[in-house]
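So the structure is just underneath, and the comments pick up after that.
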Protein chains: 2
Amino acid sequence: MSTASARTLDHPERTEIRLEAVLHALSDPMRLQVVRFLAELGEGEGAACSAIELAVSKSTTTHHFRVLREAGVISQVYRGTAKMNALRRSDLDALFPGLLDSVLDADTAQRRRTG
Amino acid sequence: MSTASARTLDHPERTEIRLEAVLHALSDPMRLQVVRFLAELGEGEGAACSAIELAVSKSTTTHHFRVLREAGVISQVYRGTAKMNALRRSDLDALFPGLLDSVLDADTAQRRRTG
DNA sequence: CCAATTGTACGATGACCTTCGTAGTTTGAC
DNA sequence: GTCAAACTACGAAGGTCATCGTACAATTGG
């Protein structure tokens, strides 16, 4: 069996991803932190929610991951008790070439400037 | 006289512009429409608020222009009874190279796709 | 001065957003 | 089966947001 777990999550199709939703998802510092973390991980299956230390409660963490997933910025799959998160880089790059990279670069630049 | 009108508006300095605020400002369809309009105008003093037909009331229009100005995306100056709006392209490009262009390109791509 | 044009200020409203705590579910390990 | 780990669901509180209408202010043109 290919272990088709019953627990699956709704993701927008590539063509359903909306620019406004992506920008909104990225406009929160906490979510931008998550995206930065996942971007540094590079290609792969991603990281568990708990791998990213956010300064908020678990339920708030869940909320932010959900916003990112529903906007199409990340994908989430269950893996045992954990939930693995990965950037949907190829979808984003195909839809909006250069957008994710310039946001990440902008974030890096701002961090370097602001300290 | 260089007609230094008493009416001036607060703009964030270049170094005060925050990425999160810019992304949030751009995540609204109406404001994105304004930015697209101003970008097509190219360099110059910009356009009056009334030059951009938005499908909302005047007070809502004022609100959106204010959000864009306070985020540092546009500059506004009074010119007679009108208020001229211009993209702060050089500031944005200096702070976040490529960001504005990739957002505008993404918007164009989405419009072409969605129709 | 008078009127028209252009945009502002204010208050209100309903929607959405971030955050939390608590209680529950699913899975893996023993 | 039992227990811990990881995450979710739900409901609530407090804040912000987009929108409007109405009343007001500043400038230009007659």
Of the candidates A:Leu32, A:Leu87, A:Leu41, A:Leu100, the one satisfying the condition of being within 12 Å of the chain's Cα centre (by Cα), of a type outside the set (Gly, Ala, Ser) and modelled with pLDDT under 95 is A:Leu41
For region A:63-86, enumerate the residues that are among the polar types (S, T, N, Q) and near DNA strand C (Cβ under 8 Å from one of its atoms). A:Thr81
Considering only region B:23-59, state which residues are assigned to a helix (DSSP H, G or I) and within 14 Å of chain A (Cβ to nearest Cβ). B:Leu23, B:His24, B:Ala25, B:Leu26, B:Pro29, B:Met30, B:Arg31, B:Leu32, B:Gln33, B:Val34, B:Val35, B:Arg36
Subset of region B:51-69 that is of a type in the set (D, E, K, R) and more than 8 Å from DNA strand D (Cβ to nearest atom) - its residue that is modelled with the lowest pLDDT: B:Glu53
For region A:44-84, give me each residue that is more than 13 Å from the chain's Cα centre (by Cα) and crowded, with 19+ Cβ neighbours inside 10 Å. none
Tell me the residue from A:Leu32, A:Leu68, A:Leu38 that is touching a residue at least 40 places away in the same chain (Cβ under 8 Å) and closer than 21 Å to B:Asp101 by Cα, please. A:Leu32
Candidate set: region A:88-115, residues that are hydrophobic (A, V, I, L, M, F, W, C) and in contact (Cβ under 8 Å) with a residue 12 or more places away in the chain; chosen: the one surrounded by the fewest Cβ atoms within 10 Å (Cβ to Cβ): A:Ala94
Here is a check on your reading of the model: is A:Val67 hydrophobic (A, V, I, L, M, F, W, C), farther than 24 Å from B:Leu92 by Cβ and within 14 Å of chain B (Cβ to nearest Cβ)? yes
Among the residues of region A:4-18, is there at least one that is small (Gly, Ala, Ser), at pLDDT 95 or above and either surrounded by 15 or more Cβ atoms within 10 Å (Cβ to Cβ) or over 27 Å from B:Leu100 (Cβ atoms) (or both)? no
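The values are calculated or read from the model by the stated rules, or taken from the named source; none is laboratory data. Since the structure is predicted, the reported quantities are computational estimates derived from the model, not experimental observations. Positions of Cβ are generated from backbone atoms using ideal geometry, with glycine treated the same way; all protein chains shown enter the neighbour counts.
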